Amino acid sequence: MHVLIADDDKQALSFLKGCLTAWGHTVTTARDGLAAIRALLRDPEITVAILNWMMPRMDGWRLSREIKANKSKIGRGGAGNIHTIVVVGVSFCKVAREAFGSWADDYVGKPFDARELRASLLAAARAVGPSRQDDPTAPCPDAGPLLNSRLCLNWN
């Protein structure tokens, strides 16, 4: 799959890009919401957008709503088949799903649980149709404090 990652945190962006690249995905990055919109308009091959919920210039909530509202202008041939995953604080993940469910297709918590991230991407792959499969044997790069080590001790 071709995945857009939008996050203003350089460390999180690097970690996510490393994981997704290791798993066999093509990655485009953006440092804020407006840059993400430009990337989506420019590249019709992007099928998944991972959006940090708090970014400058346009947050992930608004960006996800803009993607859904402008389906005819983005995605493969204007099909608007962009699966959105919003990154929220791990303690806010359940609340986000319940309160803002329709604003995004999925939510993942930060610090990241690599298994949760991969599961979310596999769900996205099913939702957007045929694509390159991820490599289930590829580990994530060492993420230090970004990776929830309590949940992912045996991941790498």
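Between residue 21 and residue 45, what is 0.36 nm times their sequence separation minus the Cα-Cα distance? Round to one decimal in nm.
Value of the extension gain: 7.1 nm.
Report the full-extension gain for the segment residue 34 to residue 126: residue separation times 0.36 nm, less the Cα-Cα distance, to one decimal in nm.
Between residue 34 and residue 126, full extension yields an extra 30.4 nm.
Taking amide H positions as placed in the peptide plane 1.01 Å from N, state which residues far from residue 28 in sequence (5 or more) or on other chains have amide H under 5 Å from it.
Those lying under 5 Å, H to H, from residue 28 are 3, 4, 5.
Between residue 108 and residues 5 or more places away or on another chain, which pairs have amide H atoms under 5 Å apart, with H built 1.01 Å from N, and which residues are they?
Counting only residues 5 or more places away or on other chains, the set is 86, 87, 88.
Here, each number is a calculation from the coordinates, and none is a lab measurement. Note that the structure is a prediction, hence the values are computed from the model and not measured.
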